[in-house]
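See structure below.
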Amino acid sequence: MENIKLKIVQHRHILWWELKFKYHQVIVNTLKNLPYGDRMWSVDRQAWLVRYDNYDFESLSAQFAGVAIFERQLDGRAVGGQLLPDATEEHLRCLSRYERWLRQKRYSENTIRTYVDALNVFFRYFVERPLDNLSTEDLVQFNHDYILKHKYSASYQNQVINAIKLYYRQFSHSSMEVEEIQRPRRAHRLPHVLSAEEITRILKAPRNLKHRCMLQLIYGCGLRRGELLKLRATDLDFNRKVLWVRGGKGQKDRMVPLAAKLMSLVREYQELYPTTNWLFEGQKAGEAYDERSLQSVFKQACARAGVQKEATLHWLRHSYATHLLEAGTDLRYIQVLLGHKSSKTTELYTWVTKPAFDRLVSPIEQLDL
């Protein structure tokens, strides 16, 4: 049997079992048979990760019985040097109830996972304390001694506050003064945009038709990554030349124009890749294409296109909005196409449009230098 080096690590604020081994197809298949949310491949760590909260050493070993033997290493230290204790049974029951409530309220799967994970970290930090005894001062301590000390982002801090406020508002009668909890100051960053020439090179770069089709749909329709992967063939109306985005961010539907070039490309793709469920499926029939694999497709396309910027997949959506604005499209219409709740979000694109800068003349041009 094969050997697997096993240790506990913290990744994205969550504890995981890290599994490292020489490539072995049976081990990989065993991992892929675990529920999707319980395992992931980490490009950064070059290792498979399995949720520590969902598998103790015995249950994990049972999954690989007859396949591999674990060579357990010293438990890894968390990022920032702090490895939090395990959640208690009381914590797990509360987290489970919280998760069921979020799902009943129809929060998105990403939001549910983010909130439950954030609350789990908070509970484990105060593992010796009854949950109903925690106060606003304890949250201030947690923020100072855990989040700020380890230099976690303001975005993560905000996620923790959102999760805690929602939990204590709904389920607890503690001295936690929910309305007094202060949020961190928000950073106002401008969207990253690629030029039309860079976009052209990236979208033409993939040799694989499926990859080319996915990237072109994201840019050509201004889609989020998750929106693309949730598309079904019935969401494309070739007669009306539109694409339906079902259950986008905030559980909102919207309709966007489908360009003739995209319709032709999608038809070609569907002839070569017939699917049974999702428009873009993974290696297993009926299973949606993996988000991280899609990000990898984009990174490879950037490399082949010679784009040196540290671009992410979401830059395609930013570029779609900016290029529409540069072409004279009304800002309100762009807001509808992107599915933005607030016009202030869409207005950020006015600060990165090229024509706006071309009209500006620096005062240095007036100097006789």
Count of residues meeting criterion [more than 22 Å from residue 154 (Cα to Cα) and among the hydrophobic types (A, V, I, L, M, F, W, C)] in the range 97-131: 4
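Let's see how each residue does on (1) in contact with a helix residue (DSSP H, G or I) (Cβ under 7 Å, 6 or more places away or on another chain); (2) free of Cβ contacts under 8 Å to residues at least 40 places away in the same chain:
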{"position": "291", "(1), (2)": "yes, no"}
{"position": "298", "(1), (2)": "yes, no"}
{"position": "315", "(1), (2)": "no, no"}
{"position": "328", "(1), (2)": "no, yes"}
{"position": "334", "(1), (2)": "yes, yes"}
{"position": "345", "(1), (2)": "no, yes"}
Looking only at the range 250-261, decide whether some residue is within 18 Å of the chain's Cα centre (by Cα) and part of a helix (DSSP H, G or I). no
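Considering only the range 292-309, state which residues are of a type outside the set (S, T, N, Q) and under 23 Å from the mean Cα position of the chain (by Cα).
Scanning the range 292-309 gives 292, 294, 297, 298, 299, 301, 302, 303, 307, 309.
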The residue from 148, 134, 102 that alone is of a type outside the set (Lys, Arg), crowded, with 16+ Cβ neighbours inside 10 Å and over 22 Å from the mean Cα position of the chain (by Cα) is 134
If you scan the range 217-249, which residues turn out to be closer than 13 Å to residue 266 by Cα, in a helix (DSSP H, G or I) and acidic (Asp, Glu)? 235
By residue number, the members of the range 269-289 that are touching a residue at least 40 places away in the same chain (Cβ under 8 Å), part of a helix (DSSP H, G or I) and exposed (fewer than 15 other Cβ atoms within 10 Å of the Cβ) are 272
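Values quoted throughout were computed directly from the atomic coordinates according to the rules given, and no laboratory measurement underlies them. Since the structure is predicted, the reported quantities are computational estimates derived from the model, not experimental observations. Note that we place each Cβ from the backbone using ideal geometry, even for glycine, and neighbour counts take in every protein chain shown.
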